[in-house]
Structures are given as C-alpha cells and as structure tokens.
Amino acid sequence: MKYLQIEYADDKGILEPITLTYRLRNNPIVPKWVERVQTAQQHYSIDDAKRFYGFGARQQQIDDAVLNINKVIELINSFENIIDRRLVDINDQDTLNYLHSIFEQYHGLLDRQADNFWNRAPQQVRTALADLNIAVHRCEATARYTKPRHVVTYYGLPKDRMLDDADYAHVVHTWAPGTVCLNYCEIGKTLEDLAEDNDDYIGDAAFQPFRHYSADFVVRFGAQTARQAEANHAKIYAYYQQHKDKLGAWQVCYTNGQFALADLEGELDLDAVASRQMVQSVKFI
C-alpha cells in the first residue's frame, strides 16, 4: 500500500463527501502505525469523528470550547464532587493546568488507571474523565490560535507499543499543509507541553516524553516553518535549563517535533474541508 485515504463528510448530509489522498512516507514508523490502525479498525470505531480544531469564527470556537469543558466538569461532579473550579476565561491557563491534573490523578497514567475513583465510577464518568483531557487541550489550542487540524483516535486500543530508538531519527520539525503525523498517546505532558503551559500542578510521574505509539494520528492543515521551529526549540530548551535537575538528560526528555507519516497529494482546499468536519472513513490503498 502507498496511500492513506480519508473521506470527509458534512454531518448535516447536505454536501457530498470528499476524499483526500495522502502518500505514505518511507520510514520505519509508517508500517508499525498502519498495523495499529488496521488492528484498531477491526475492533473499534473512531472515538470522535468530528474532532477538528482551528476552523470557524474565533468567538464561536471559544464559546464552544468553554461550554464543552464545563459540561464535562458537571458530568464528573454529578458522580462525585472532585472538581472545584469552572473555566470562565479561555486564557486561564492555571485553571486548565489544574483540570489536566484532575484528569491525571483520577484517570491514572497510561494503562495504569487510578484504583479507587476509576473502579467506582460508572462508564459515563470514566468517559467524561477522558473527555476532560481532550476538552483541556481544545481550550489550549483555541487560546493559542491553533492552525487547522483534525485528530483521529481509537481510545479502546491498548497503548502498549513503544517506539524504537532508531525511530527518533525520523522526527521532523517543519512540515507543509496536509502532513499526517503520529499523535501523542501518552497520558501526561511532554517537555514542549511543560514549556508552553508553565504547569505547577503536574506530578513528576506525569512528565511523559513521546515513547508509546498507537493508531492515533493528526492531520495538520497548517505548515510549520524553520523559523517557527527554531523559536519553539529555543523556548523548550530555556525551560529545560531551568528544570533539568528534575527532568533528567536532555536526550531522554527532548522527544518533541513530529513523526510524519504521510503527505497530501495535490492542492489543499481548506474551505472544502471546513464545510465537511467529520471523518467518514479511513483506509489504506
């Protein structure tokens, strides 16, 4: 197989679906990821086929993100009142860090669910805890004027595969619109996240470099230039220098950048994607 094809649909059923084709890259990560996607598709549906970011009027994005995260908080607290804050301002990073820490504490780290709350909670509350993590990152992305992208995840697939040391040679720091990348599937934050969030709530165990991989992926419709990559690297390195006694060796910590998997064939019609913000199918040909 040489291509990934994604069919995008209008959830109202008014517009005809479109299919975008992405040429798979030639690196050792790609076949491992393809196997994970194919395995996931045998057992699971996409978690949220409408997980798109950076599209639409900015104020509407803000309103939707704040409304959604507070609904998730209400659902969790309806079982047990463990969250004592609500989000009012999309730029309130301190509250977002606090809410992410609630997710880490009560959900548990990757494949190590917290025994007490997690085992007592009904399924809808467990789902809400997972949604809290996504809701936090949506708020952060909205506050930071994220470039258009969409994420495909298969939550139920065990996250038990790890990247090989040689895979990190294929990390990229620049990309063109329409680049498909491996999605971070750890529970916790990378060094890049820590540098961006200035998080005072995160526990030491929740600092998680990009080690595991799964079927999850992100399609980035916005480019990253060399200048942007250099500025990002400088910010991350400055944060590392301030906290390296707790973080460990730079070579272990710095697993940021992107693991690129595929590239869009042809021109990107972003307006066509914007009007069809639902992933209808994912397949390889």
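One table, with the values for the structure above:
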quantity	calculated
Whole-Hz couplings from phi, Karplus 6.51/-1.76/1.60, listed for the range 261-270; x for Gly and Pro	10, 7, 9, 4, 8, x, 7, 8, 9, 5
Paramagnetic reach from Asp64 (point 7 Å along Cα→Cβ, amide N under 19 Å) across the range 125-146	131-146
Label-to-label distance, nm, for residues given as Asn81 and Lys244 (7 Å Cα→Cβ offset)	4.7
Cut-off 11 Å between beta-carbons: net charge of the residues surrounding Val125, Lys and Arg +1, Asp and Glu -1	0
Long-range amide H partners of Thr190 with built H, under 5 Å	Gln208
³J(HN,Hα), Karplus 6.51/-1.76/1.60, whole Hz, each residue of the range 93-100, x for Gly, Pro	5, 4, 5, 5, 4, 4, 5, 5
Convex hull volume per residue for the chain, taking Cα atoms only, in Å³	139
Sequence of Lys159, Lys2 once ranked by neighbouring C-beta atoms within 10 Å, starting from the fewest	Lys2, Lys159
Estimated [θ] at 222 nm from DSSP helical runs (n ≥ 4, -39500 (n - 2.57)) normalised by residues in the chain, nearest 500	-13000 deg cm²/dmol
FRET efficiency estimate (nearest 0.05) - Cβ-Cβ, Glu16 to Asn116, R0 51 angstrom	0.55
q = 0.15 Å⁻¹: log10 I(q)/I(0) that the Debye formula gives for the range 55-146, counting C-alpha atoms only	-0.54
Among Ala176, Ala262, Ala40: highest mean-square fluctuation, GNM of the chain, C-alpha pairs under 10 Å	Ala176
GNM flexibility winner over the chain from Leu264, Leu67, Leu87 (Cα, springs under 10 Å)	Leu67
Spatial separation of Cα centroids for the range 217-240 and the range 262-285, in angstrom	23
Fluctuation leader among Lys189, Lys50, Lys235 - the chain, Gaussian network, Cα springs under 10 angstrom	Lys235
Residues Lys50 and Ala223, FRET efficiency given R0 of 25 Å [Cβ-Cβ distance, rounded to 0.05]	0.60
FRET efficiency for Glu267 and Tyr201, using Cβ-Cβ distance with R0 set to 30 Å, rounded to 0.05	0.10
From phi via Karplus (6.51, -1.76, 1.60), per-residue ³J(HN,Hα) for the range 153-158 in Hz, x at Gly/Pro	10, 10, 4, x, 5, x
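Read-outs: derived from the displayed coordinates by stated rules, not from any lab. What you are looking at is a predicted structure, and each value in this text was computed from that prediction instead of being measured. Cβ coordinates were reconstructed from backbone atoms using ideal geometry, including for glycine residues, and neighbour counts include every protein chain displayed.
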